[in-house]
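Just so you know, all these numbers are worked out from the coordinates, no wet-lab data involved. Computed from a predicted model, the values in this text were never measured in an experiment. Quick reminder, even Gly has a Cβ in these numbers, built from the backbone with ideal geometry, and neighbours come from all protein chains shown.
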Amino acid sequence: MNCLRADVIRNPGAFDDLEQHWWALWAQCSSATPFQSPAWLLPWWRTFAPGDLSAIAVWNGNDLVGLAPLYLERHAYGSRLLPIGISLSDYLDVLCVPELKKAVGTAIAETVLSLEWAQWILPDLPLKATSLDLVLPDIDESLSAGHAACPVLAVAGDETLTGSVPARRRRQLRRALRAAQRRGRVTITRAEAAPEMFLGHLVRLHKARWAEQGGGVLTDIALGFHRKALPRLAANGLARCWLIGIGDAIVGAYYGFHHHGRAYAYLGGFDSAYAQESPGAILIGNAIAEAAREGAREFDFLRGRESYKYSWGAVDRWTAQRLWTRSAAL
């Protein structure tokens with residue numbers, strides 16, 4: 001093995017140039033999610049860029065073997081080192097080649113210590129996150145093991161949902177489908193191949209659903225991000241987007257991902273005028289069934305403890321947060 005080399009990438013063009021190497025690294029990391037892929041994080045940086053780019057790339061010869069996508073957020077009271085993708089990403093982590101995990105972790109830690117920060121915050125770390133093994137000697141640290149709940153459904157059996165979803169929920173789903181069919185012809189179509197069309201429906205339905213609670217999460221800038229990210233996710237086989245129509249109306253949208261035996265339900269929306277027909281539930285049932293057909297072992301409802309997630313049989317899985325604080329702000 002050659003000696004590892006760690007570079008701090010501060011130029012956005014150089015960050016973009018990592019993409020091919022990044023995909024190769026990401027594919028080797030069994031715990032990586034779509035939220036750590038370049039299809040997600042490069043558009044995030046291009047859209048938001050809320051600080052000074054400070055990504056750490058670890059190389060073994062010409063091979064990228066580790067990546068910590070980070071940026072510095074500067075304040076009068078001291079800088080914070082934060083992960084690229086924060087807020088919109090349900091899982092965050094560094095990437096490293098499994099067989100070099102310890103050496104890459106050491107290289108990342110040493111390079112992080114060379115940067116000027118008062119706090120380094122790593123939220124939303126999944127159970128097997130590489131970041132949980134990082135060691136920063138002589139730096140004050142706090143660990144929150146119950147940072148955020150991501151309800152997860154174990155997928156067993158086939159697309160009938162019999163082995164995965166509680167019987168009561170399956171009965172409710174059948175009633176909802178019959179009610180929808182009484183109102184008009186029901187169509188469920190895959191839509192990530194037409195991202196602009198899909199996002200148009202998603203925005204309309206999501207904002208209508210959340211209008212009374214402040215408009216939801218699809219702000220104009222967030223929509224700009226998704227317009228960049230969704231085509232890249234779709235091109236790499238990660239996106240799963242569905243629309244449901246009743247009669248001539250598109251009444252529900254589902255935006256999710258699939259990777260490495262796990263499906264992720266990221267965002268949805270439905271027309272409240274069709275609440276009795278439960279188009280959102282029909283779409284989730286469809287997404288679980290399709291995940292089973294694709295061999296998924298889990299269906300992850302992602303952050304948030306909304307009651308509907310548990311009605312499908314999901315149970316909480318908690319993320320962690322690590323926070324390091326230097327004794328003197330830099």
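Output the direction-averaged projected area (hull surface divided by four) of the convex hull of the alpha-carbon atoms of segment 214-265, in nm².
Answer in nm², one decimal: 5.0.
Quick one: how many lysine pairs does the chain have with C-alpha atoms less than 21 Å apart and a gap of 8 or more or different chains? Give me the count, please.
Final tally of qualifying lysine pairs is 4.
Counting other Cβ atoms within 10 Å, which GluC sites (Glu not before Pro) in segment 261-329 have at most 16 and lie in a DSSP loop?
294, 306
Provide the convex hull volume over Cα atoms per residue for segment 184-330, in Å³.
For segment 184-330, the hull spanned by Cα atoms encloses 168 Å³ per residue.
Quick one: net charge around residue 321, please, counting Lys, Arg +1 and Asp, Glu -1 for every other residue with C-beta under 14 Å from its C-beta.
-1
Quick check: the angle from helix 279-293's long axis to the longest principal axis of the chain, C-alpha only, nearest 10 degrees?
The angle comes out near 70 degrees.
How are the Cα pair distances of segment 1-140 distributed, in percent, across 10 Å bins from 0?
12, 47, 36, 5, 0
Do the sum for the chain: with -39,500 (n - 2.57) for every DSSP H run of n ≥ 4, divided by all residues, what is the mean residue ellipticity at 222 nm, to the nearest 500 deg cm²/dmol?
Here the helix-only value at 222 nm equals -10000 deg cm²/dmol.
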